[in-house]
1. Asp320 to Met1: FRET efficiency via 1/(1 + (r/R0)^6), r the Cβ-Cβ distance, R0 45 Å, to the nearest 0.05?
2. After finding the eigenvalues of the alpha carbon gyration tensor for the chain, what semi-axes result from the square roots of 5 times each, listed largest first in whole Å?
3. Explain nothing, just the number: dipole magnitude of region 5-101 about its Cα centre with +1 on each Lys and Arg Cβ and -1 on each Asp and Glu Cβ, in debye rounded to the nearest 20.
4. Would you list which lysines come within 16 Å of Lys170, measuring only between C-alpha atoms, while excluding same-chain residues fewer than 8 positions from it?
5. Give me the distance between the Cα centres of region 237-274 and region 101-178, rounded to whole Å.
6. Please list, or write none, the lysines whose alpha carbon is within less than 28 Å of the alpha carbon of Lys343, excluding same-chain residues fewer than 8 places away.
7. Can you give the % of DSSP beta bridges in the chain that are antiparallel, to the nearest 5?
8. So which lysines pass the test for Lys62, namely a Cα distance under 24 Å, with those fewer than 8 places away in the same chain ruled out?
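Read-outs throughout are calculated quantities, based only on the coordinates presented, and are distinct from any laboratory measurement. Nothing here was measured: the structure is a model prediction, and the numbers come from that model. Cβ placement follows ideal geometry from the backbone for every residue including glycine, while neighbour counts extend to all protein chains displayed.
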Amino acid sequence: MAQIDAFFKLMHEQGASDLHLVAGQQPAIRVHGDMERIKFNVLENDELKAMLYEVAAEHKVKEFEETGDVDFAYEIPGLARYRANFFQQQHGVAAVFREIPSSILSTEQLGLPEIIKKMASLPRGLVLVTGPTGSGKSTTLAAIIDEANKTRKDHVITIEDPIEFIHESKSCIVNQREVRLHTRSFSSALRGALREDPDIILVGELRDLETISLAVEAATTGHLVFGTLHTSSAAQTVDRVIEVFPAHQQSHIRSILADGIRAVIAQVLFKRIDRPGRCVALEILIATPAVRNLIRENKTFQIPSMLQTGKKYGMQTLDDSILSLLQRGLISADEAYNKAQDKSKFRQMLRHSPADFTEM
């Protein structure tokens, strides 16, 4: 057993999402959004480096020493998988480990709306799951892919950095590829995937112009493509995809995207106040013909009003989802205000001045 495994077991027992190991400091874990110190000695640089190198493959150690950063996955059988990031900082090495549950929760177990589950049965198109880092995008996508894996008879390819949730082939054949381990880049893997008879493609992150272009192309040529972006709303997501392209191509890509897009899910995690844990608020945009027409005509500023009037299609605004969590007593008014888009709706519910005075 690796020395670091004791920290992972403690992390798992405490229900922590992340483990932070930093040279010159005590270890810490993030529990339900808050950082908590572990009662342990301050970690010396050489001690921590030896601990970290014990769980990293030789080529990952080499990459870290050459670049100062590295990502990979580490697994403790029977416990969990961990997404690891090593980095250099002013006092030496440091690392952050994110726990990936060993079992994949269903959309019902996650409390997601029924429309999210239905996305697993889409025949083709582009579905984007967006939100800040640590907002549960991978968990949502894993639930959708698992639903497809159980109910369809197709070929699923995932392209990730690193591989997070493990999908065993059920009714589908599932192939999971890790960037820099099984393929050079997201774009090269996606280009290859188009020749590998896929029905469903999961792209862990749409990082650059080439990857986004290939994903949109795949979605418009008969494949169901899932991807993630670090955007905070449905309208912003559509704009971000288009703005990646040079100005002279944006009109063309707007038309192609309008044909290919099927849904955008923007999500934010909240710390629960009724019991330990976290819950998610979702903005859901379904690409009805009217929504696609807005994208085609460069009227994405009208998407928020479309979300308001599209409830019968399963659409909802992020603020309505946050308000529902607040009214059910699941989250605090302060956090609801801080993460809402239209803060004026929530200001009257605050007992004190908002923590972010720039939003006043």
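1. 0.40
2. Each semi-axis is the square root of five times an eigenvalue, giving 34, 28, 19 Å.
3. Once rounded to the nearest 20, the dipole reads 280 debye.
4. Lys170 reaches Lys150, Lys153.
5. The two parts, judged by their Cα centres, are 19 Å apart.
6. Lys137, Lys271, Lys299, Lys311, Lys312
7. Beta bridges within the chain, antiparallel portion: roughly 60 percent.
8. Result set, ordered by chain and number: Lys49.
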